[in-house]
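Notes follow the structure.
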Amino acid sequence: MHKLSKQGTTFTKFNPVMDDIELKGDDVKDVLNDYERLKRLEEVKTNFLIVTAHELRTPLTIIKGYLEILKERNGEDDRVIRAIDDNTNNMIAIVDDIVTIANMDLGMIELKVESISTLDMLDDLIDRLEEINEIWGDKIILPTDDQILEADRRSIEKVMTNLIINALKYNAPDRKIEINVDSDGHDYILISVKDWGTGIPDEVKEIIFD
């Protein structure tokens, strides 16, 4: 990795292996031009993701509309319709995540901080999950203690939904997942989701966030 430090009217690029190299005049312009070019490419990529996500959302919304009609005709217990509905909801969630990440890159995320009851929030989440898979609600143990946290509800719900769905998917078949809410009594609230699946292999844990 190179580090640029300003020294008078020149810039010196340090490398732990190479000797110091002075950057003057055109060299500095080249560095700045490369930076601006990469910045523009990053903006183009981000805008492309946003446009693509919106284009994907349109047909998914149409599919959801037709699914509602099929549910009324065939009933919600139809396994084929339920499978299509589940996967459509998963695709919509992925598209929403793409838009969120792209907006973060552009600095366009607006957080609405409000007081949130953890029990009310979790109850709402479970109701929505049961709309996706009606048996999921019976596989979740909710906390009994309520905590009030100051946060952006939509962001917290998105994180919690992903954690809960992953826990349900990879949990042991005969066990329930547990959601716990703890407070240090001062500034922090810890919300944890515990499942009984096989877990992440030890050799993968060190590189999972690379």
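Using the Cβ-Cβ distance between D138 and L60 with R0 set to 22 Å, the FRET efficiency works out to roughly 0.20. Less than 14 Å from a label point 7 Å out along the Cα-to-Cβ axis of E68: which backbone N atoms in region 138-168 qualify, by residue? Taking a point 7 Å out along Cα→Cβ of E68, no residue of region 138-168 has its backbone N under 14 Å.
With contacts taken as Cα pairs under 8 Å at a separation of at least 6 residues, region 113-205 carries a relative contact order of 28 percent. Remark: C-alpha extents of region 27-105 on the principal axes read 69, 15, 15 Å, sorted largest to smallest. Each Lys and Arg Cβ is given +1 and each Asp and Glu Cβ -1; about its Cα centre, region 45-171 then shows a dipole of about 620 debye. Among the GluC sites (Glu not before Pro) found in region 138-210, those both in a DSSP coil and sparsely packed, with 11 or fewer other Cβ atoms within 10 Å of their Cβ, are E206.
Just to confirm a number: summing +1 for Lys and Arg and -1 for Asp and Glu over residues other than V95 whose beta-carbon lies under 15 angstrom from that of V95, what do you get? Net of charged neighbours comes to 0.
Summing charges over all other residues whose Cβ lies under 15 Å from the Cβ of S155, with Lys and Arg as +1 and Asp and Glu as -1, gives -4. Calculate, for E36 and D96, the FRET efficiency according to 1/(1 + (r/R0)^6) with r their C-beta to C-beta distance and R0 25 Å; round to the nearest 0.05. It comes to 0.20.
A short reminder: the numbers here are calculations on the coordinates, not readings from a lab. Not measured: the values here are computed from a predicted model. A quick note on method: Cβ atoms are made from the backbone with ideal geometry, for glycine too, and the neighbour counts reach across all protein chains shown.
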